[in-house]
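Novice: One structure is given below, represented as structure tokens, and several questions about it will come after.
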Amino acid sequence: MTPAAPAPPAPMLRGMWLASSWSDQFISGVPFHTWGTEWYKRLGHLPLWDPEVFGGLPFVAAGHGDMFYPTWLLRFIVPVTTAGNLSFFVHYILAGLFTYLLLRRLGVGWIGSVIGGLAYELSGLIASYPSPGHDGKLFASAMLPLMLLALVLALRDRRWVGYPLLGVATALTLLGHFQLAYYSLIVAGLFALYLSFEETGDSRGGERALRLGMALAAVLIGFGVAAIQILPFFEYIPYSPRAQGFHGFEGSTSYAIPWSHVPEFFIKNFVGWTPNGTYWGANPIKLHSEYLGLPVVALAVLGATARERRRLVLWIGGIGLLFLLISLGAATPFYTLWWALMPLVKKTRAPGMAFFVVAFVTALFAALGVDRALATRNRRGMTVALIVGAVVTLLGITGAFGQLAEGFASGIQAITGRNAVAA
């Protein structure tokens, strides 16, 4: 399942770490983790106050990183930098593995499930999390397929193991990243409705309601486990910059995905990258990638037209469309309604974070596409998929997509320069 990362690279094990001068790990992550670990060893418990930042901050309430996430224990065994590297490495494996297990549970074949798992863990957004040092986002993203797998076990398969697994996945997601947990719980709620209304066979309404209630109880238990981080954070909000929200609608929609980024879904590095000076898009900086992978998209299109899984495709596709609209932020009128109605959204920004759900849905569709292509009764679909894949691979090898993106970027930069001179 994880041939893309069979072993951690040797530099990681020697303490070299995944960071750059642009990374949150460089600016805050490693310093916070190192300081917290040192003071834990001195005090015998987590420090509650950090006097080193802004004249003093609550250490737990203000959020100094993943201090309660299980991987923090690695910092007592290996150097903090190595612990951070291993945390990234392990969660890439988990993201692919959990997606694979979910797909297998949904009846997707072995090859399709493997490709779906790899498509998710190696999608542009997930694979680029180390660039800005966003380990918490990776933790939460890796838990999404586990959360949905738990729901399948609990609601469709009627297996009790699904409920504690759902509670664990919820707690880990919350301890990883609050905003991604918010998105993941919405996905889980919609997927639970799909399972309850479309996949429960001859179950009666009362039985469906009971299982949904038990799933909700498992989620609440997950909140209880994560309360050690959640309650101090919410108590601190009135004293934090989030108290008044992010300067209205404009602040809340900052770092959404602008329309200029959309071609990068299909063309790698289309809008460039801030650290190497090639970014020309509308956001202040860009340290990640939204590339979904052209072969993956081609397979996803094939999977999205699978008639034999029409209900699953419609529900999953609807979830993907919802989160695409969220990630686009103010680029569409939809976000005005979302911002006005959904709780806590006014206290967040960067709706582009929601794109991890789009990457996940694309990977699921790609897995279905592989199944459809390999079906003996659908040889025409397999032939089309192979031809598209061969063409895309050939263009990628020759650098056609990169040259197209660079040429377009050069044109944009030239126009921008002329406009600046004219002004």
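Any read-out appearing in this document is the output of simple, stated calculations on the displayed coordinates, not a laboratory observation. Just so it is clear, the model here is predicted, and its values are computed rather than measured. Neighbour counts are summed over all protein chains in view; Cβ atoms, including those assigned to glycine, are modelled from backbone coordinates with ideal geometry.
Novice: In what sequence, highest mean first, do 104-117, 208-221 appear when ranked by Cβ atoms within 10 angstrom?
Specialist: Output ranking for 104-117, 208-221: 104-117, 208-221.
Novice: In whole Å and largest first, what semi-axes does the C-alpha gyration tensor of the stretch 286-355 yield when each eigenvalue is scaled by 5 and square-rooted?
Specialist: Over the Cα atoms of the stretch 286-355, the ellipsoid semi-axes are 27, 17, 8 Å.
Novice: Calculated FRET efficiency, residue 54 and residue 27, Cβ-Cβ r, R0 22 Å, to nearest 0.05? Don't skip to the answer; put the middle values down first.
Specialist: Numbers: r = 14 Å, r/R0 = 0.63.
The computed FRET efficiency comes out at 0.95.
Novice: If I take R0 = 22 Å and measure r between the Cβ atoms of residue 110 and residue 305 in this structure, what FRET efficiency does the formula 1/(1 + (r/R0)^6) give, to the nearest 0.05?
Specialist: Numbers: r = 22 Å, r/R0 = 1.00.
It comes out at approximately 0.50.
Novice: At 7 Å along the Cα-to-beta-carbon direction for both residue 250 and residue 41, put a label point, then send me their distance in nm to one decimal.
Specialist: It works out to 4.8 nm between the two label points.
Novice: Extending each Cα 7 Å along its Cβ direction at residue 210 and residue 160, get the distance between those two points in nm, one decimal.
Specialist: Result: 1.4 nm between the two label points.
Novice: What's the exposure ranking of 247, 91, going from fewest to most Cβ atoms within 10 Å?
Specialist: Fewest-to-most Cβ neighbours within 10 Å comes out as 247, 91.
Novice: Let me ask something else. Can you tell me the order of 151-160, 55-64, 229-238 when each peptide is scored by its average per-residue count of other Cβ atoms within 10 angstrom, highest first? Mind showing how you got there, number by number?
Specialist: Working: 151-160: 18.6, 55-64: 17.1, 229-238: 14.8.
In descending order of packing, they fall as 151-160, 55-64, 229-238.
Novice: Determine the distance separating the Cα centre of the stretch 256-328 from the Cα centre of the stretch 149-212; give it in Å without decimals.
Specialist: 26 Å
Novice: Moving on to the next point. By counting other Cβ atoms within 10 Å of each Cβ, how are 48, 166 ranked from fewest to most?
Specialist: 48, 166
Novice: How compact is the stretch 86-210 by the rule of thumb for globular proteins, expressed as Cα Rg over 2.2 N^0.38 Å? Mind showing how you got there, number by number?
Specialist: Numbers: Rg = 14.9 Å, N = 125, 2.2 N^0.38 = 13.8 Å.
Output field value: 1.08.
Novice: In terms of Cα to Cα distance under 18 Å, which aspartates and glutamates are near enough to residue 268, apart from those fewer than 8 places away along the same chain?
Specialist: The qualifying aspartates and glutamates are 121, 290, 406.
Novice: Arrange the peptides 329-340, 357-368, 168-179 so that the one whose residues have, on average, the most other Cβ atoms within 10 Å appears first.
Specialist: Descending mean neighbour count gives 357-368, 168-179, 329-340.
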